[in-house]
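Only the coordinates and a few stated rules stand behind these numbers; no lab work does. Quick caveat, the model's predicted, so the values are computed rather than measured. In this analysis, Cβ positions are derived from the backbone assuming ideal geometry, glycine residues included, and neighbour counts consider all displayed protein chains.
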Ligand code: PGA
Ligand code: ZN
């Protein structure tokens, strides 16, 4: 009998950062070790990502996860018992055989990803090594401490659509360690808080911990972010660059974009022009989902125009799926992949998406969701797979700092050589 043989699989209901239920899977092995993982959940979801299965009905806003929990405790537990947790591929193949639907709509992407991640943790627990070390060893990859993109202002679906842009983030390009990157970002966050407080009573924070966007226009949000970087004492661009997640699928479809703040409807070309003006005026290193997921031509045109001056990141556009990454690459749409395990549904599929991006020489950003918990699996994936970038939300709120603090500990264990650095990141303009 192998020591990593699965003895029991159990799911329970736990709570996420938005006061909603989610599920945690715990896996116990024959050798006595055990491990657990929790499914995250998104608010601005791509239409082709794995389904986050919810019970519906009146209780808990319809968000309860009773059927996903039953799926784990019933068919999934029965099928995984006796399998080796250290064979991730075999575990995930069993999960996929139980729910062969393209979006995991039968058992739920949330049931599958919590279980798939718990198996990875259980295999690492059996050997006593951190999961990132185990993954790095398995993939013959030197562990990499990724550079963080950190939210300063939240917006879009994470802030009652107060502004159209969903995420206004910073990247500490000149930092020499993740510890320093976090310190630099904290200075910017504190400066931003001061500026916001001067303008009026602070309205709290958005879903991912960034300040509530009390702005009259999207540009005002960008201006305030630039000012926060300067007041924190950094050179915008060279030292601290701006990164945006437009999440355009939230307000655009069929080639039309509705700018809520300005009560204006624009077409795809006008949207590209608007984004272009921001890229000319602000030192931006990365722009995610600049056009909607159904606007392939817009994404092609945007990537052609700006792809050499900024990272064009696909999130809703490619939903962590190898096939969609291949297609986007062939179309010349995007040049960087966001990697969210729960969009894929299993770690094996997440890894396949990561490898597809690598094959096309795209960089990767491992990402959390707006609904998060203390689970830090994405840090292990980023470090162990050698992704150079990570995105987790802001530097406030425990579900976010759990990830940053995990990176600090890993950096201490791995040493300075593991730091990905950020000097290689492009900057759209130096004329801010
Ligand atoms: P979500 O947003 O987790 O609410 O989908 C995060 C993102 O769009 O990157
Ligand atoms: Zn996004």
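Peptides 344-355, 396-407 ordered by packing proxy, namely the average of other Cβ atoms within 10 Å per residue, highest first: 344-355, 396-407. Residues 299, 117, ranked from the fewest to the most other C-beta atoms within 10 Å, line up as 299, 117. The fewest-to-most ranking of 13, 48 by surrounding Cβ atoms within 10 Å reads 13, 48.
So, R0 is 22 Å and r is the distance between the beta-carbons of residue 273 and residue 227; what FRET efficiency does that work out to, to 0.05? Don't skip to the end; give the middle numbers.
Values: r = 25 Å, r/R0 = 1.12.
The pair residue 273/residue 227 has a calculated efficiency of 0.35.
Compute the angle between helix 296-306 and the longest alpha-carbon principal axis of the chain, please, reported from 0 to 90 degrees and rounded to the nearest 10. Taking the Cα atoms of the chain, the angle to 296-306 is about 60 degrees. Between residue 186 and residue 87, what length comes free when the chain is fully extended (0.36 nm per residue of separation minus the Cα-Cα distance, one decimal in nm)? Full extension of this stretch gives 31.6 nm more. Dividing the alpha-carbon radius of gyration of the chain by the rule-of-thumb value 2.2 N^0.38 Å gives 0.94. Taking the three principal axes of the alpha carbon atoms in the stretch 310-432, the coordinate ranges are 42, 40, 26 Å, sorted in descending order.
Once the C-beta distance of residue 238 and residue 308 is scaled by a Förster radius of 22 Å, the resulting FRET efficiency is 0.75 to the nearest 0.05.
Report note on the peptides 376-388, 300-312: ranked by the mean count of other C-beta atoms within 10 Å, highest first, their order is 376-388, 300-312. The stretch 250-327 and the stretch 370-395 have their alpha-carbon centroids 24 Å apart.
The separation of the stretch 119-172 from the stretch 55-108, counted between C-alpha centres, amounts to 23 Å. When the Cα atoms of the stretch 223-336 are aligned to their principal axes, the ranges along those axes come out at 43, 34, 22 Å in descending order. One chain, two ends: residue 412 and residue 253. Fully extended at 0.36 nm per residue, the span grows by 52.7 nm beyond their Cα-Cα distance. Taking label positions 7 Å along the Cα-Cβ direction at both residue 60 and residue 105, the computed distance is 2.3 nm, reported to one decimal. Using just its DSSP H runs of length 4 or more, each adding -39500 (n - 2.57), the chain gives a mean residue ellipticity at 222 nm of -11500 deg cm²/dmol after division by all residues. Going by neighbour counts of Cβ atoms within 10 Å, the residues 132, 189 line up, fewest first, as 189, 132.
For the chain, the longest principal axis of the alpha carbon atoms and the long axis of helix 398-414 meet at an angle near 80°.
Computed from Cα positions, the angle between helix 218-231 and the longest principal axis of the chain comes to roughly 90 degrees.
What shape does the stretch 8-105 have by the C-alpha gyration tensor, where a ≥ b ≥ c are the square roots of the eigenvalues, rounded means a/c under 1.5, and otherwise prolate means a/b greater than b/c and oblate the rest? Each step should come with its number before you reach the end.
Values: a/c = 2.03, a/b = 1.49, b/c = 1.36.
Prolate is the answer for the stretch 8-105, as a/c is 1.5 or above and a/b outweighs b/c.
Could you tell me the center-to-center distance, by alpha carbons, between the stretch 37-54 and the stretch 196-237 in angstrom? Result: 28 Å between the Cα centres.
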